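Remarks on the structure that follows.
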């Protein structure tokens, strides 16, 4: 057999308008908007940025509205132009350009209302808003890397939140609450794994059904048990706040990373642990093999189904644990549907993060930042309508998932049940 | 085939979830035993809005009004149906008619359209709605409040109590029954500034432009906490959350965040577990309004109610709650100024207006 040799003349000419160049053109347009429109619209009054968590005192610096808009607008423009010209360094240039664009817009808005931005508090709110998404997205990564689609993140978070409130109150200890939360998430995972692996049912369908199931069940027990005696069944108290002395004083990011509940620290640790485990350990290699090509993994002696069961269960533990956020970090009680659909945003974060723990973490933080920004601009009475600002996190997610990531590739065997052939 | 059996299990799980969900909604709460349908002959049914019966806010206090009317008149039997989505309003109201309810209570201005539709189709059934006018129908009894009057007092209190010179508020949705609190609050602060020559700032609401900070939700506590965190970072140390259950997130974090809360609708000191941060509450006495409407309706069974209930400072339909734990921390001079303001509003010497007030 002769192998087909493609001669250079016969190969399709590489189109000039690659995905990178198209993105570059869009970024140039954004940069133009920022450096022309924002600069013209912005008054020449200062926007004040505080490094700490309060706008009442502490170190701060001022940026003149017009100058700030122009400088960051030009940075956005330049990064876009380089991408357009070279088509290289896609990720880096896109990040720089978008960050500069957002900063330009922020300076425009803040200087318009003569406001001040507490950067430390902005990062703290960002971190707190990202927490459930980090746990949810990591749970998604765990499952899908081994080939099981996890649409049930929402249900796992919700069950975790419910178990934390119920058993935390009964046992009177937050350690019990956190343990129960993890187990709650794992219970949903168990059903997911059993139906997906044993009965080969479509995994997306199972996920949706499990979300309904969790919503109905927690809602029922909330009405029938918790509501009858709130003190005895729905009063878990908040998780204690731990601050690391010294480190928490680091400007801007210190209070976000080194001051928080146990969940903050566990989330950060999990990102690191999971990254190492997935890409540097035997378990990780096997997990990825099972997710990409289960038949090949099987022939070299990896127990495909067993590994999938374990991974899906651990994913449930992670998501369930994160569910405690809803009933013990931002609140001290459970209410019906307390997760309010954030599990689906976590799913989007996992895709935006390209099925990678670090990517998922960054995507979650991105969403959290959009939320914190929306809240800040509303509070500063920005001229942008508040309805639009409220949409900001979701619009950002849509753009991120649909536009920026381009063609992301899921693990090859994701969602496909494995039957020994 | 294994897949088929799997699908059966899936169908089972889905219907079980839905069944539990439905069961949770339609059952009366367990703490009101003896709500048997046989106990009374006048069936009064309430349909909650999406906040749910235990929002510690206006659904809860409307339900308390229903229970109070029942306690006073043994002929009345009460029950409620919880709505979990806006799309539930219409069917829940229609079901209440089918169940043979004599009196149907809608809670919240958001239920106006559904109530108008169902009440219009059943002109002989007595309807009543909290926070809306009579919708142009003879069989709808409106229960409304001059909430801005009490919120004005709260604004004055917050401005006088604030150490940082900044107070904050946020709402659930930019709708009349919410913004009326924020309007009154902002005016109260402005009045304080005028009288005292101070410059206390209101964050999160601008009465002139009707723009401000919203959670776009009445349930999510994390959304509430986020908004108050943002306000506190801007320097606010008294927060008025007008977002139903979502405001609980702010109340839960208030102690650690070193700020105090002015609750809305029902006295937060009694209805929430966060007693130690409740400076006061802008009480909207839905309880009395509903009780009055239901008692009258049950007393004249067969004839439709006329007029409506308008809660004001004068008839205690709206009020500022006691300071409870904060009693010793609020300056006595400030307290007496607020008493004087209250008298001035009742006498009409001070007029408090809001774009959202009952017409």
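The values are calculated or read from the model by the stated rules, or taken from the named source; none is laboratory data. Everything numeric here is computed off the predicted structure, so don't read it as measured data. Positions of Cβ are backbone-derived with ideal geometry, glycine not excepted, and every protein chain shown enters the neighbour counts.
Of all the residues that make up region A:329-344, how many are within 12 Å of residue A:132 (Cβ to Cβ), crowded, with 24+ Cβ neighbours inside 10 Å and more than 9 Å from chain B (Cβ to nearest Cβ)?
Here the count works out to 1.
Just to be sure, is residue A:285 modelled with pLDDT of 90 or more and crowded, with 17+ Cβ neighbours inside 10 Å?
Criteria not met by residue A:285.
Could you tell me which of the residues A:187, A:122 is within 14 Å of chain B (Cβ to nearest Cβ), over 30 Å from residue A:290 (Cα atoms) and in contact (Cβ under 8 Å) with a residue 24 or more places away in the chain?
A:122 is the lone residue from the list that is within 14 Å of chain B (Cβ to nearest Cβ), over 30 Å from residue A:290 (Cα atoms) and in contact (Cβ under 8 Å) with a residue 24 or more places away in the chain.
In this structure, does residue A:42 turn out to be outside the structural domain of residue A:126 (by TED's automatic domain parsing), crowded, with 17+ Cβ neighbours inside 10 Å and modelled with pLDDT under 90?
In short, yes.
When you scan region A:49-92, how many residues do you find that are out of contact with any helix residue (DSSP H, G or I) (no Cβ under 8 Å at 6 or more places or on another chain) and assigned to a strand (DSSP E or B)?
3
For region A:131-151, how many residues meet the condition of being modelled with pLDDT under 95 and within 12 Å of chain B (Cβ to nearest Cβ)?
Selection size over region A:131-151: 0.
Determine, yes or no, whether residue A:369 is in a helix (DSSP H, G or I) and within 14 Å of chain B (Cβ to nearest Cβ).
yes
Any idea how many residues of region A:381-413 are at pLDDT below 85 and assigned to a loop (DSSP other than H, G, I, E, B)?
10
For the condition at pLDDT 95 or above, within 23 Å of residue A:113 (Cα to Cα) and out of contact with any helix residue (DSSP H, G or I) (no Cβ under 6 Å at 6 or more places or on another chain), what is the one hit in B:186, B:150?
Checking each option against the conditions leaves just B:186.
Can you confirm whether residue A:353 is touching a helix residue (DSSP H, G or I) at 6+ places or on another chain (Cβ under 8 Å) and closer than 22 Å to residue A:413 by Cβ?
So residue A:353 passes the test.
Just to verify a result, which residue in region B:212-230, among those that are within 7 Å of chain A (Cβ to nearest Cβ) and in a helix (DSSP H, G or I), is surrounded by the fewest Cβ atoms within 10 Å (Cβ to Cβ)?
Looking at the filtered set, the residue picked out is B:222.
Output the residues belonging to region B:145-176 that are assigned to a helix (DSSP H, G or I) and either on the phi > 0 side of the Ramachandran plot or surrounded by fewer than 24 Cβ atoms within 10 Å (Cβ to Cβ) (or both).
Those that are assigned to a helix (DSSP H, G or I) and either on the phi > 0 side of the Ramachandran plot or surrounded by fewer than 24 Cβ atoms within 10 Å (Cβ to Cβ) (or both): B:160, B:161, B:176.
Please go through region A:217-272 and pick out each residue that is crowded, with 20+ Cβ neighbours inside 10 Å, in a loop (DSSP other than H, G, I, E, B) and facing chain B (nearest Cβ under 10 Å).
A:234
Check every one of the helices (runs of 4 or more DSSP H) wholly within region A:108-194 and list those with 2 or more residues that are touching a strand residue (DSSP E or B) at 6+ places or on another chain (Cβ under 8 Å) and assigned by TED's automatic domain parsing to the domain that holds residue A:297.
So the answer is A:119-145.
Scan (1) within 14 Å of chain A (Cβ to nearest Cβ); (2) surrounded by fewer than 24 Cβ atoms within 10 Å (Cβ to Cβ) for the single condition residue B:198 breaks and write down its number.
(1)
Mind checking which residues of region A:369-421 are free of Cβ contacts under 8 Å to residues at least 24 places away in the same chain and over 30 Å from residue A:207 (Cα atoms)?
A:374, A:378, A:379, A:385, A:386, A:387, A:388, A:389
Residue pairs, Cβ under 6 Å, 6 or more apart or interchain, first in region B:313-342 and free of Cβ contacts under 8 Å to residues at least 40 places away in the same chain, second part of a loop (DSSP other than H, G, I, E, B). List them.
Cβ pairs passing all conditions: none.
If only one of A:23, A:48 is surrounded by 15 or more Cβ atoms within 10 Å (Cβ to Cβ), at pLDDT below 90, in contact with a strand residue (DSSP E or B) (Cβ under 9 Å, 6 or more places away or on another chain) and not assigned by TED's automatic domain parsing to the domain that holds residue A:251, which one is it?
A:48
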